[in-house]
Amino acid sequence: MNAAPPIDSMVSAGDARKITIAQVLVYELRVRDAMSKPPITALPGDSLREIQKLMKRHKISGVPIQLGTKLLGIVTIEDIITALDQGHIDDLAEKRMAQGVITIRDHFSLVRAVAEFERHGFGRFPVVDSADRLVGVLTRGDITNCLMHQLEKRAEEAIAFEAAALASRAGDDLARRIVIRAPVRTGDYDSAGKVSQRLRQVLRERGIDPDVRRRAAIVAYEAETNIIIHSLGGEITVAVDSDKVVIDATDVGPGIEDVNQAMQEGWSTAGRLPRELGFGAGMGLPNMKKCSDVFEIKSGNGQTTLVHSEVFLRKAAGTL
Amino acid sequence: MKLETNAQLPAVLLAIQATPLTNTSEANIQGCYISDLLSDVLAHAQPGMLWATVQVHRNVVSVAATKDIPAVIFTCGRKPEASVIAEAEEEGITLLVTPLTTYEAAGKLWQAGLHE
């Protein structure tokens with residue numbers, strides 16, 4: 001479920017925006033996105049010489065020592081150098097490994113991982129999941145590589161998007177103001193709120209009023225969950241104008257049979273799973289409308305659904 | 001009500017036997033909203049409220065963050081996964097758990113003066 005990172009297109013990207021993208025990535029990316037996996041491990045009964053060969057073969061600088069699913073310690077390249085220097089390279093790992101190893105969780109953000117590196121001064125961390133299973137190893141180099149890779153990818157996407165946007169809507173500068181363009185996958189309940197979270201961040205960076213921020217975030221959140229619960233997948237774009245935030249949600253179907261019915265509070269077609277997770281209150285569309293200054297919805301049985309919302313930066317719509 | 005989970009819990013939360021799950025520093029709480037429906041919370045809760053729910057899915061954190069809700073209390077002793085707690089910490093949202101049912105917790109919170 002390690003989702004492909006959503007596409008962000010900072011179309012009118014000046015230098016200041018590029019720094020922001022890097023900063024955003026550090027918060028958005030998780031340890032599991034950057035770590036080396038699966039972890040290369042050794043047994044407590046392996047000799048340091050065997051571990052040295054393992055390091056050489058895999059070009060790594062640290063090897064967690066594991067028995068079954070239990071993490072016992074770690075042998076690092078520094079331990080190997082010391083062993084060569086002092087002549088105990090044939091000792092077993094269990095005798096020379098560092099014990100009481102400090103691990104890092106796979107769901108931590110990279111910014112938190114960087115803080116952990118600073119705090120402990122280690123060169124690497126074994127990475128464990130929420131069930132304490134060893135799932136990878138993270139070095140500072142892994143973080144740098146992951147960030148560079150993502151930045152490159154987003155830069156390419158931004159360029160491609162800009163070219164396409166300019167070609168298709170020459171003269172329309174809406175495309176230039178798009179700050180988020182993200183795919184939303186059907187059934188991906190764990191990702192609900194990702195677009196909304198990014199939107200809040202973008203609006204905060206621009207110093208936009210908390211009430212406007214909250215209303216726009218609610219529209220985005222409900223749009224996301226609607227696509228996840230009801231559609232076969234779709235996309236959300238957000239543009240920030242000098243006087244409004246524009247949120248457009250589109251999906252590939254199957255469409256809303258009766259839009260008027262769907263706009264009634266409490267009416268929902270959500271199934272059992274989404275309801276158990278607290279979705280499907282039948283309030284999504286009404287909430288979006290209440291939070292918007294302009295709200296339009298176009299749909300029909302077997303068609304795509306288009307939801308267009310505008311939240312004005314100055315005049316307040318609802319009181320949410 | 002000032003909530004400092006690292007220090008002593010305010011009397012209002014002691015009344016419902018609340019235990020903090022996060023290491024969030026502090027939060028100012030005014031009033032409380034109770035619902036297990038996420039959209040309902042988005043529509044009717046006010047920023048700054050304590051939110052009581054039995055939902056422990058990660059979307060609770062997303063909704064709380066979207067709505068500027070500083071603290072969530074899980075009732076009936078329900079605890080979220082470690083990843084949800086970590087996410088709340090990153091968002092600066094305090095998570096608490098109480099063994100009481102939502103009804104009992106609501107009654108005691110009201111009695112202890114959270115509505116004022």
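The values are calculated or read from the model by the stated rules, or taken from the named source; none is laboratory data. Just so we're clear, the structure is a prediction, and the values are computed from it rather than from any experiment. Here Cβ is always computed from backbone atoms with ideal geometry, including for glycine, and neighbour counts include all displayed protein chains.
If you go through segment A:183-211 one residue at a time, how many are within 13 Å of chain B (Cβ to nearest Cβ) and closer than 23 Å to B:Gln46 by Cα? It would help to see each step written out before you state the result.
Residues of segment A:183-211 within 13 Å of chain B (Cβ to nearest Cβ): A:188-201, A:203-204, A:209-211.
Imposing the further condition that a residue be closer than 23 Å to B:Gln46 by Cα reduces the set to A:192-201, A:203-204, A:209-211.
Selection size over segment A:183-211: 15.
Among the residues of segment B:62-87, count how many are closer than 16 Å to B:Ala45 by Cβ and either away from every other protein chain (no Cβ under 14 Å) or touching a residue at least 60 places away in the same chain (Cβ under 8 Å) (or both). Show your work before the answer.
Quick first cut of segment B:62-87, residues closer than 16 Å to B:Ala45 by Cβ only: B:62-75.
From what's left, either away from every other protein chain (no Cβ under 14 Å) or touching a residue at least 60 places away in the same chain (Cβ under 8 Å) (or both): B:70-71, B:73.
Number of matching residues: 3.
Filter segment A:30-59 for residues that are out of contact with any Ser or Thr (no Cβ under 7 Å at 6 or more places or on another chain) and of a type in the set (A, V, I, L, M, F, W, C) and give the result.
Our first condition is that a residue be out of contact with any Ser or Thr (no Cβ under 7 Å at 6 or more places or on another chain); within segment A:30-59, this holds for A:31-54, A:56-59.
A:Val31, A:Ala34, A:Met35, A:Ile40, A:Ala42, A:Leu43, A:Leu48, A:Ile51, A:Leu54, listed by residue number.
Quick check: anything in segment A:54-63 surrounded by fewer than 17 Cβ atoms within 10 Å (Cβ to Cβ) and either touching a residue at least 24 places away in the same chain (Cβ under 8 Å) or small (Gly, Ala, Ser) (or both)? If you could, list the steps in order and put the result at the bottom.
Here is the first cut: in segment A:54-63, the ones surrounded by fewer than 17 Cβ atoms within 10 Å (Cβ to Cβ) are A:54, A:56-59, A:61.
Then keep just the ones that are either touching a residue at least 24 places away in the same chain (Cβ under 8 Å) or small (Gly, Ala, Ser) (or both); that gives A:61.
Yes; the residues of segment A:54-63 include at least one that is surrounded by fewer than 17 Cβ atoms within 10 Å (Cβ to Cβ) and either touching a residue at least 24 places away in the same chain (Cβ under 8 Å) or small (Gly, Ala, Ser) (or both).
What are the pairs with Cβ atoms under 6 angstrom where one residue, in segment A:31-46, is of a type in the set (Ser, Thr, Tyr) and the other, located anywhere, is part of a strand (DSSP E or B)? Sequence gap at least six, or different chains.
A:Ser36/A:Gly136; A:Ser36/A:Val137; A:Thr41/A:Pro64; A:Thr41/A:Gln66
Could you grab me the full set of residues in segment A:266-292 that are in a loop (DSSP other than H, G, I, E, B) and either more than 12 Å from A:Glu222 (Cα to Cα) or touching a strand residue (DSSP E or B) at 6+ places or on another chain (Cβ under 6 Å) (or both)? Lay out the reasoning, then the answer.
Pass one, segment A:266-292, residues in a loop (DSSP other than H, G, I, E, B): A:266-271, A:277-283, A:292.
Residues satisfying the conditions are A:Gly266, A:Trp267, A:Ser268, A:Thr269, A:Ala270, A:Gly271, A:Leu277, A:Gly278, A:Ser292.
Would you pick out the residues in segment B:26-44 that are more than 22 Å from A:Asn287 (Cα to Cα), touching a strand residue (DSSP E or B) at 6+ places or on another chain (Cβ under 7 Å) and not β-branched (Val, Ile, Thr)?
As a first pass, look at segment B:26-44 and keep what is more than 22 Å from A:Asn287 (Cα to Cα): B:26-30.
Those left that are additionally touching a strand residue (DSSP E or B) at 6+ places or on another chain (Cβ under 7 Å): B:26-29.
Correct list: B:Glu26, B:Ala27, B:Asn28.
Name the single residue, out of those in segment A:104-124 being closer than 20 Å to A:Ile51 by Cα and touching a residue at least 24 places away in the same chain (Cβ under 8 Å), that is nearest to the other protein chains (Cβ to nearest Cβ).
Step one: list which residues in segment A:104-124 are closer than 20 Å to A:Ile51 by Cα, which gives A:122-124.
Those still in the list that are touching a residue at least 24 places away in the same chain (Cβ under 8 Å) too: A:123-124.
Details: A:Gly123: 23, A:Arg124: 20 Å.
Per the stated criteria, the residue is A:Arg124.
Go through A:Val238, A:Val246, A:Val212 for me and flag whichever is part of a helix (DSSP H, G or I) and touching a residue at least 40 places away in the same chain (Cβ under 8 Å).
Working: A:Val238 fails: part of a helix (DSSP H, G or I); A:Val246 fails: part of a helix (DSSP H, G or I).
Residue meeting the stated conditions: A:Val212.
Scan segment B:35-52 for residues that are in contact (Cβ under 8 Å) with a residue 24 or more places away in the chain and out of contact with any Leu (no Cβ under 9 Å at 6 or more places or on another chain) and report the count.
2
Being within 14 Å of chain B (Cβ to nearest Cβ), crowded, with 19+ Cβ neighbours inside 10 Å, in contact with a Lys or Arg (Cβ under 8 Å, 6 or more places away or on another chain) and not acidic (Asp, Glu) narrows it down to one residue among A:Ile247, A:Ile228; which is it? Please lay out each step first, then the result.
On the way: A:Ile247 fails: in contact with a Lys or Arg (Cβ under 8 Å, 6 or more places away or on another chain).
None of the other options fit; the residue is A:Ile228.
How many of the residues in segment A:20-66 are within 19 Å of A:Ala93 (Cβ to Cβ) and either among the aliphatic types (A, V, I, L, M) or in a helix (DSSP H, G or I) (or both)?
17
Could you list, in sequence order, the residues of segment A:142-155 that are surrounded by 13 or more Cβ atoms within 10 Å (Cβ to Cβ), over 14 Å from A:Phe108 (Cα atoms) and aliphatic (A, V, I, L, M)?
Listed by number, the residues that qualify are A:Leu147, A:Leu151, A:Ala155.
Looking only at segment A:289-312, which residues are of a type in the set (A, V, I, L, M, F, W, C) and within 17 Å of A:Val240 (Cα to Cα)?
If the condition is that a residue be of a type in the set (A, V, I, L, M, F, W, C) and within 17 Å of A:Val240 (Cα to Cα), then A:Cys291, A:Val294, A:Phe295, A:Val307, A:Val311, A:Phe312 are the ones that fit.
Can you work out which of the residues in segment B:29-49 that are within 21 Å of A:Ser196 (Cα to Cα) and more than 10 Å from chain A (Cβ to nearest Cβ) is surrounded by the most Cβ atoms within 10 Å (Cβ to Cβ)?
Only one residue fits best here, namely B:Met49.
Take the residues in segment A:102-141 that are of a type in the set (A, V, I, L, M, F, W, C) and surrounded by fewer than 17 Cβ atoms within 10 Å (Cβ to Cβ), then tell me which one is modelled with the lowest pLDDT.
Top of the filtered list is A:Ala131.
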